[in-house]
1. Only one of these is touching a helix residue (DSSP H, G or I) at 6+ places or on another chain (Cβ under 9 Å), farther than 26 Å from Val45 by Cβ and loosely packed, with under 13 Cβ neighbours inside 10 Å: Thr94, Thr106, Thr90. Name it.
2. In a helix (DSSP H, G or I), among the small types (Gly, Ala, Ser) and at pLDDT below 85 - does that describe any residue in the range 106-114?
3. Pairs only if they're at least six apart or on different chains, beta carbon under 9 angstrom, first in the range 211-240 and in contact (Cβ under 8 Å) with a residue 12 or more places away in the chain, second of a type in the set (Asp, Glu) and buried (at least 22 other Cβ atoms within 10 Å of the Cβ); list them, first residue then second.
4. Among helices (runs of 4 or more DSSP H) lying entirely in the range 139-204, which contain 2 or more residues that are on the phi < 0 side of the Ramachandran plot, at pLDDT 90 or above and not assigned by TED's automatic domain parsing to the domain that holds Arg263?
5. Could you go through the range 94-103 and let me know if any residue there is in contact with a Ser or Thr (Cβ under 8 Å, 6 or more places away or on another chain) and within 24 Å of Gly207 (Cβ to Cβ).
6. Regarding the range 152-170, can at least one residue be identified that is within 13 Å of Gly233 (Cα to Cα) and surrounded by fewer than 18 Cβ atoms within 10 Å (Cβ to Cβ)?
7. Quick one: in the range 79-104, of everything that is under 20 Å from the mean Cα position of the chain (by Cα) and charged (D, E, K, R), which residue is nearest to Lys283 (Cα to Cα)?
8. For a quick check of your reading of the model, give me the residue pairs whose first member lies in the range 244-268 and is not assigned by TED's automatic domain parsing to the domain that holds Asn193, whose second is among the basic types (Lys, Arg) and part of a helix (DSSP H, G or I), with beta-carbon atoms closer than 6 Å and at least 6 apart or on different chains.
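The values are calculated or read from the model by the stated rules, or taken from the named source; none is laboratory data. The structure presented is a predicted model; accordingly, all values stated were derived computationally and were not measured. Cβ coordinates were reconstructed from backbone atoms using ideal geometry, including for glycine residues, and neighbour counts include every protein chain displayed.
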Amino acid sequence: MTSKFLRQAQITGVAGLFIASTLLGGCGSKSATSGPQATPSSSVVATVNGEPITQAQLNKELNRLFGQQVLSSLVDDRLISQEAKRDKVTINETALQAHLAELKKTPQYAALLKTRNMTDADVESYLRRQMQLKQLILREIPEEVKLRMYDQYRQQLVQAHICDILVDKKDDADKIVAQLKAGKDFAQIARENSKDESSKSNGVDLGWVPRDAPLDPALAKVAFTCKINDIVGPIQTRNGWVILKVVGRKETYDQLKSDIEDRLVSMRQGEYMQRLRVKADIKTIFDHSGFNQPTAAESPAPASSSSPVIPAVPSVPSTAASSPPALQGSPAAAASPSAQ
């Protein structure tokens, strides 16, 4: 099961796709052959005390602010597609559809589709490209590199599959613990009682949470030491009283291999894309002073990739907003990345 942290990262990536499609693809994300007609540049998109703002004015401002960034993203997308075709990269369609189904479960997904006039097919295309990129990079990473990361970062990589119930009062928490130990269903009790709105809709199943996520210290200690399926608590946190249930744990190399691969791909993605740009014939026909006004100017050659800047081992986003309230640690701890 994909963790809620990974789903949030994926949603962020999809949002970037939406922005790119909106800025450089007309009103929506559809292709020129199948999508709606582009809004005429003279069309009025807003009025201010009767004074119109036209589509052309909006396009020009969007181009000024985001044009180069979005164009670069589209160039990278094309490079990945071409390289995948050249190397005969195949995608696991079952995994792709499972990925898409997981994203559809999030409330952010439906909102983004609506606001950006996108379809499931658009998101599927984005996920397909990301999976192609992963396969391309993984072809360059030998097994011993993955094993070395596991040995070096094992403690941070370990994950627990957590369910929780969050309430304000200890008396209420004690009553819930008694009900659960008497055989009541955890998910049902959670939906009826938990104030953790971030996970309440799915029976407070928080998914797979890495050890280096910004957990409340008291919860972190329990989540990675308690027996599987035990009811633990109540545990006092800064957000209230928590009853915890860990339904699984990933600790071995085989269990964590996919997550290790994701981290290695994230580390090497920038350098890999730089190499693709260096060997590609890229010409930019784009005028930054106005939207879609070609100048036939050739883009400068990409910078040398001889000494790429590769980030440290990526971890789960450490902002408080990316973690359920029941799991967040102190404000200071949540604001800074875990030590790698």
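1. Testing whether each residue is touching a helix residue (DSSP H, G or I) at 6+ places or on another chain (Cβ under 9 Å), farther than 26 Å from Val45 by Cβ and loosely packed, with under 13 Cβ neighbours inside 10 Å leaves just Thr90.
2. yes
3. Here the result reads Leu219/Asp164; Gly233/Asp164; Ile235/Asp216; Thr237/Asp216; Arg238/Asp216; Asn239/Asp216, each pair linking the range 211-240 to a residue that is of a type in the set (Asp, Glu) and buried (at least 22 other Cβ atoms within 10 Å of the Cβ).
4. It comes to 143-157, 170-181.
5. Yes, the range 94-103 has at least one match.
6. yes
7. Taking the candidates together, the pick is Glu93.
8. Ile260/Lys146; Val265/Lys134
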